[in-house]
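Have a look at the structure below, then the notes.
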Amino acid sequence: MDAVLFDVDGVLLDSLPAYRRIWEAWARLRGLDAEHVWHRTFGRRPEDTVREVAPALDPAAERRVLNGLMHREGDAFPAADGAAELLAALRPGSWALVTSGSRGPVHRRFALAGLPLPRVQVYGEDVREAKPHPGAYLLAARRLGVDPRRCLVVEDAPAGVAAGAAAGCTVIGLTLSHPPAALPGAARCAPSLRAAGAELLELLGLPGEGAGGGRGRGAGGGAVAGQPRSV
C-alpha cells in the first residue's frame, strides 16, 4: 500500500462525545428523538442528516443552529489515543484527511490537539456528493497521485466505510461506535486506532510500532499545541 486516508471525527479526534451532546441538544430543540437523530449523523454532512430526520426543515437554517451549538461546545477535542504517534510514523505526503466536516473547525481542532495537518485535505465543501458516495476518497487519492486501489482508508462510520470501499480502497473499520456487522465494507476491523496502528504501518511497509507506542520515521515529533504543522 502507498497511502492512507483518514476520516477525522472518531478516528483522529476523540470528538464523538461532544458531537453527541450537540446533536441531542438540537433534537430536543426540534422535538425529535435524540437517539434516532444521533445514529443518522455518522460520516455525513449536517445538512444531509437534517434532510433525512426533519425533511420539513430548511437544512441551511438548521446548519446555522447547529453551528451555534458547536460554538458553545468549543473546539478543544482531544486527539484519539495513538493518533500522534501514528501520524509521526508516516512518510510525508503519504496520507490525507477525508472528512464530511469543514476546513476551519478541523484546522482549529488539530491545532488544539497538537496534531499535524497533511498536504492533502478533503472536506465536505470540496465534493458535490457526501459519503457514502466515493467521490471524497477518489479526490484525495487523485491529489496524492496514488491509485485508490493502493490506498488504505481508516473509518468508523458505515457511510465512510462504504465510501472507501466504493472508491476501491482497502478499509480498516474502527468499531468504537459501530459493531463489525455494521461495517460490511471493511476488509479489517479494530477496536481503536491504537489497536490498528501496527498493522496499518505494516501494510504501508513502514518500520516501528507507530500508534502502538514505538518510534517510526517520516513526520517526526509531535506538533506544538496551537501550531498545526503540515506533513
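The values are calculated or read from the model by the stated rules, or taken from the named source; none is laboratory data. It should be emphasised that the depicted structure is a prediction, and the values quoted were computed from it without experimental measurement. Cβ placement follows ideal geometry from the backbone for every residue including glycine, while neighbour counts extend to all protein chains displayed.
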Item to check | Residue count for the stretch 57-82, restricted to those that are within 16 Å of the chain's Cα centre (by Cα) and either among the charged types (D, E, K, R) or part of a helix (DSSP H, G or I) (or both) | outcome: 2
Next on the checklist: Quick check on the stretch 53-72: of everything there that is surrounded by 15 or more Cβ atoms within 10 Å (Cβ to Cβ) and out of contact with any Asp or Glu (no Cβ under 6 Å at 6 or more places or on another chain), which residue is nearest to LEU16 (Cα to Cα)?
Outcome noted: MET70
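From the list ARG40, ARG91, pick out the single residue that is more than 20 Å from GLY197 (Cβ to Cβ) and of a type in the set (Lys, Arg).
ARG40
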Item to check | Residue satisfying all of: in the stretch 73-86; of a type in the set (A, V, I, L, M, F, W, C) and under 27 Å from HIS36 (Cβ atoms); surrounded by the fewest Cβ atoms within 10 Å (Cβ to Cβ) among these | outcome: PHE77
Next on the checklist: From the list ASP33, ASP81, ASP58, exactly one residue is among the acidic types (Asp, Glu) and closer than 23 Å to GLY124 by Cα. Which is it?
Outcome noted: ASP58
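Residue-wise test of (1) among the hydrophobic types (A, V, I, L, M, F, W, C); (2) in contact with a strand residue (DSSP E or B) (Cβ under 7 Å, 6 or more places away or on another chain); (3) not in a helix (DSSP H, G or I).
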| residue | (1), (2), (3) |
| --- | --- |
| PHE42 | yes, no, yes |
| GLU47 | no, no, no |
| PRO55 | no, no, yes |
| ALA84 | yes, no, no |
Next on the checklist: I'm told GLY93 meets every condition in (1) assigned to a loop (DSSP other than H, G, I, E, B); (2) closer than 28 Å to HIS36 by Cβ except one. Can you identify the failing condition by its number?
Outcome noted: (2)
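Within the stretch 59-113, can you find the residues that are among the polar types (S, T, N, Q) and closer than 25 Å to VAL146 by Cα?
SER94, THR99, SER100, SER102
Please verify whether THR99 is assigned by TED's automatic domain parsing to the domain that holds ASP156, within 23 Å of GLY164 (Cα to Cα) and either more than 17 Å from the chain's Cα centre (by Cα) or of a type outside the set (Lys, Arg) (or both), treating the condition exactly as stated.
For THR99, the condition - assigned by TED's automatic domain parsing to the domain that holds ASP156, within 23 Å of GLY164 (Cα to Cα) and either more than 17 Å from the chain's Cα centre (by Cα) or of a type outside the set (Lys, Arg) (or both) - is met.
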